[in-house]
Structure formats: C-alpha cells, structure tokens
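Quick notes on the structure that follows.
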Amino acid sequence: MHIVLGVSGGIAAYKAPDVVRRLRDVGADVRVILTPNAARFVSPLSLAAVSGHGVIVEQWGDSGHGGVDHIHLARWADLLLIAPATANILAKLAVGIADDALSTYALAHRGAIVVAPAMNTSMLQHYTVQMNMAFLRDRGVIVLDPDSGLLACGDEGSGRMPDPPVLAEFVKQQFAALDLEGKAILVTAGPTREPIDPVRYISNRSSGKMGYAIAEAARRRGAKVTLVSGPTAIPAPAGVAITRVTTAAEMHAAVMEALPAQQIVIKAAAVADFTPVSVSTQKIKKQAGEEEKTLTLKKTPDILAEIGARSPRPFVVAFAAETDSVEASAREKLVRKNADLIVANDVSDPSIGFDSDQNAVTVIARDGSSTNIERAPKIVVANRILDLIVQRLG
Ligand code: PMT
C-alpha cells in the first residue's frame, strides 16, 4: 500500500503524525505532503521522522526530481488520503486549483482519493462546502463523514476528523480483495412513508445512510448491487441499480421482484410495521370541538420474514433497531424471521444509528456467536459487516 497523506491547515492537522503511525501499523508506506498552513499546526520534521521519508511542503521544492516531485510521487502512489481536509482544499479539489504542493499533487494523482473533511459545523454546513463535497462524491472521491462531538472552537457538533485508527482501518479496507466479485446483493435502506392523507404520513428517523454505505462498500468489493430505497436525501451511489419506493407495500413489491436474482439480501431499511387502513383523498380537517382523533392501522407485509420463509432463499442479513434489551430482542428476531445474521443497533444513543454519520453495532449469527463493531463512520461499519458475511459464506 503506497499512501500519500495530504494534510491541510485545520487544527486536526496536529493528529497527522498519529495518522502516519496508524497507516504504517496496517502495512502502508506513507509519504506526506503538507500545505503551508498545515505546517503551522504540525512540524514537517515530526512527520518525516514517523514516516521515514522527506515531507513535501514547498510547491517549488526539489528533492532530486527536477521540480516535478508531484509527477514522480503520482507514479508511486496507490491512494491519496487528505486528512484533515479543510473547506479550502475541498474547494480547490472541486475546481482544479493548483496553487500549493498538495492541490498540485491532487491533479497529478491517478489512484483513489479519500478525503476526511474537518472544520467547524457552520462551515461544514455552508452550501458551498456541501456543494463541493457532493461534486467530489459524484466524481468518485470518497468523502468520509466527519465525527460529531466537541470541536476545537468550543462548539459541539459535526466536523471532527475521524480518529487516526479509524482512518487507517478505512484505508486498509480500500485494499481488500474484490471478495464479493460477481455476487448479486440486494440492500434495502431508509424509511418508508405510510400516507394518512395527501399531506401527512407515518414514518421514522432513518436517513438511509447505513444502507447506502453498505451498498457503496459492496459495489467497491465487486458485487452487483441492487438498492431498494425509501425516501432519502442521499444521491444514488455510482454503479448501483437503485429503485426508489415510498411505502412498505412498494418496498415489498420491489424487493420481491428483484429477489430471484440475489445471493445475499441485507435489510437495513426501517420499514413501517403498520399503515393506515384507509388514506383520505382530501386533507383531513380538524372538526370543531375535536380533542382526540383515532387512526386505525393495519400490519404491513413483513418483507424479511417472507424472504426468511422461502426455500431456497438467499443469505439473509437482518437489522434490528432497538431501544432496550437490544441483544435479546435482536436474537429473538433473528430466529423468528429466520435470518442468517442480524445486526443489532442500539438506537437509544442518538449519536449512532438513526440519522447519524456513525454507527456501532453487534452482529449476531445463528450459532449464537456475536461480534461487536465499534463506533466508526457508517462506511467503515458497512465494510466490517461485509467482512463477516464473506467469512460466513466461506
Ligand atoms: O438509515 P440510518 O439513519 O442510517 O439508520 C440506520 C438504521 C438505524 C435504520 C439501521 O441501522 C437499522 O437498524 N435498520 C433496521 C431498522 C428496523 O426497522 O428494525 P426493526 O427491528 O423494526 O426490523 C427488523 C428487520 O425487519 C429489519 O431488517 C427490517 O428491515 C425488517 N422489516 C421490518 C418490518 C417489515 N414490515 N418488513 C421488514 O422487512
């Protein structure tokens, strides 16, 4: 693994020596490029010491390659990791500005690019930053979701760089073999919406991030992925066949239609268990003096249980979102719905699970064994879940 670590000028740059160390721990050879602003936060000398190589800071520096260090390095590198990635470097990457050693190198680099944005929450949420991140994602750059927590400026929110061991594990995951090559995998993601009338519906807080991360990771590992998605704000991952649905009944129909071609089904969607018995064609009006209203609901089709009951059936991975007795409830669902694995998600913690960029889960198998996957960005958790599936399938 030949990694170029690009460090741009945010406070998290002080973690760069640890990032280098963790990358080396997972077997990478690391060369570092610092922007001049990053060099205010972390010393090139420290990075040279931990990486075992000279560090590039100057755009016009010459380390014996006639002023074309960036071209020379691009021939060597497999992956460029920019961590932390500031709003400035994201903007430069998006439009192709090359006014320092790192942005110039990024234009010459031909391998995979992973960026770990880290900045204040308001900056992160600014529409130009969001637009640049969306643009880069669209062009195949892997944009890692930042962590949430206390930021250097004292604010609390999203914008922290993922911890160095998490970054190193993610980079290592990018070099995993194409161990799902040729496998047909169906992933469900997001919530369902059960209409009450033309303007109201019953739904839940699922954002779709977990399911989309699994779809994305499976595709990168060579799988032929079909994603059946409830309403989400996430763009379709490249190279994945996506069917967008709204209700549980529509999700049921889309899954059943795609099912015969699948070898693996991963059900990360949060499907409504109940739907209104009747849907009003007009907006329901509040009647004078009305203090209470009753909505009658009926059961939706249990898609997972129906797949589990089929014979033959694909390898089935269920999810269980629980607020209490998490593992016991998940084990009960694993057996009742006849799945092969179940991913137990403790959704009582608002910083993981529903609508968060991070997750932490326990994967339970039919033989009773379980594996804890520690808190990490959903893409890292997705790859760990896929590792367990690959192991089980032998
Ligand atoms: O989307 P995010 O914001 O990233 O959040 C991720 C998540 C929390 C939604 C995800 O990690 C998760 O836990 N998904 C399952 C949520 C859920 O609905 O769990 P459940 O315990 O209610 O359902 C158990 C299983 O049965 C699930 O695999 C579900 O897809 C399936 N099911 C449920 C009802 C139904 N009618 N049909 C189903 O197939």
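What follows is calculated from the coordinates using simple rules that are stated; it is not laboratory data. Remember, predicted model here, so these are calculated numbers, not experimental data. In this analysis, Cβ positions are derived from the backbone assuming ideal geometry, glycine residues included, and neighbour counts consider all displayed protein chains.
Looking at V4, V50, V19, which is the one that is surrounded by 24 or more Cβ atoms within 10 Å (Cβ to Cβ) and in a helix (DSSP H, G or I)?
On the way: V4 fails: in a helix (DSSP H, G or I); V50 fails: surrounded by 24 or more Cβ atoms within 10 Å (Cβ to Cβ).
Going through V4, V50, V19 in turn, just one is surrounded by 24 or more Cβ atoms within 10 Å (Cβ to Cβ) and in a helix (DSSP H, G or I): V19.
Can you name every residue in the stretch 319-378 that is touching a helix residue (DSSP H, G or I) at 6+ places or on another chain (Cβ under 8 Å), outside any strand (DSSP E or B) and of a type outside the set (G, A, S)?
The answer is R336, K337, N338, D340, D355, D357, R366, K378.
Look through V228, V171 and report the one residue that is surrounded by 19 or more Cβ atoms within 10 Å (Cβ to Cβ) and farther than 24 Å from F354 by Cβ.
Details: V228 fails: farther than 24 Å from F354 by Cβ.
Result of the check over V228, V171: V171.
Is it the case that some residue within the stretch 121-135 is more than 27 Å from R21 (Cβ to Cβ), crowded, with 18+ Cβ neighbours inside 10 Å and touching a strand residue (DSSP E or B) at 6+ places or on another chain (Cβ under 6 Å)?
At the first step, the residues of the stretch 121-135 found to be more than 27 Å from R21 (Cβ to Cβ) are 121-123, 125-135.
Filter again for crowded, with 18+ Cβ neighbours inside 10 Å, leaving 129, 132-133.
The next check asks that each one be touching a strand residue (DSSP E or B) at 6+ places or on another chain (Cβ under 6 Å); those that pass are 133.
Yes, because at least one residue in the stretch 121-135 is more than 27 Å from R21 (Cβ to Cβ), crowded, with 18+ Cβ neighbours inside 10 Å and touching a strand residue (DSSP E or B) at 6+ places or on another chain (Cβ under 6 Å).
I'd like to verify a number: residues in the stretch 30-47 that are surrounded by fewer than 16 Cβ atoms within 10 Å (Cβ to Cβ) and not hydroxyl-bearing (S, T, Y), how many? Steps first, please.
Filtering the stretch 30-47 for residues surrounded by fewer than 16 Cβ atoms within 10 Å (Cβ to Cβ) gives 36, 40, 43, 45-46.
Narrowing the set further to residues that are not hydroxyl-bearing (S, T, Y) leaves 36, 40, 45.
Residues flagged as surrounded by fewer than 16 Cβ atoms within 10 Å (Cβ to Cβ) and not hydroxyl-bearing (S, T, Y) within the stretch 30-47 amount to 3.
Please go through the stretch 193-220 and pick out each residue that is within 8 Å of the ligand (Cβ to nearest atom) and either among the small types (G, A, S) or closer than 10 Å to G230 by Cβ (or both).
N204, S206, S207, G208, G211, A213 - these are the residues of the stretch 193-220 that are within 8 Å of the ligand (Cβ to nearest atom) and either among the small types (G, A, S) or closer than 10 Å to G230 by Cβ (or both).
Within the stretch 229-244, is even one residue of a type in the set (V, I, T) and within 13 Å of the ligand (Cβ to nearest atom)? Lay out the reasoning, then the answer.
Going residue by residue through the stretch 229-244, those that are of a type in the set (V, I, T) are 232, 234, 240, 242-243.
Then drop every residue that is not within 13 Å of the ligand (Cβ to nearest atom), which leaves 232, 234.
Within the stretch 229-244, one or more residues are of a type in the set (V, I, T) and within 13 Å of the ligand (Cβ to nearest atom).
In the stretch 282-291, is there at least one residue being on the phi > 0 side of the Ramachandran plot, more than 7 Å from the ligand (Cβ to nearest atom) and not in a strand (DSSP E or B)?
Pass one, the stretch 282-291, residues on the phi > 0 side of the Ramachandran plot: 289.
If we keep only those that are more than 7 Å from the ligand (Cβ to nearest atom) too, we end up with 289.
Still in the list and also not in a strand (DSSP E or B): 289.
Yes - at least one qualifying residue is present in the stretch 282-291.
Do we have any residue at all in the stretch 59-82 that's under 24 Å from A152 (Cβ atoms), touching a residue at least 24 places away in the same chain (Cβ under 8 Å), under 31 Å from the mean Cα position of the chain (by Cα) and not in a loop (DSSP other than H, G, I, E, B)?
Residues of the stretch 59-82 under 24 Å from A152 (Cβ atoms): 81-82.
Retained after the next criterion (residues that are touching a residue at least 24 places away in the same chain (Cβ under 8 Å)): 81-82.
Now restrict to residues that are under 31 Å from the mean Cα position of the chain (by Cα): 81-82.
Now narrow it down to the ones that are not in a loop (DSSP other than H, G, I, E, B): 81-82.
Among the residues of the stretch 59-82, at least one is under 24 Å from A152 (Cβ atoms), touching a residue at least 24 places away in the same chain (Cβ under 8 Å), under 31 Å from the mean Cα position of the chain (by Cα) and not in a loop (DSSP other than H, G, I, E, B), which makes the answer yes.
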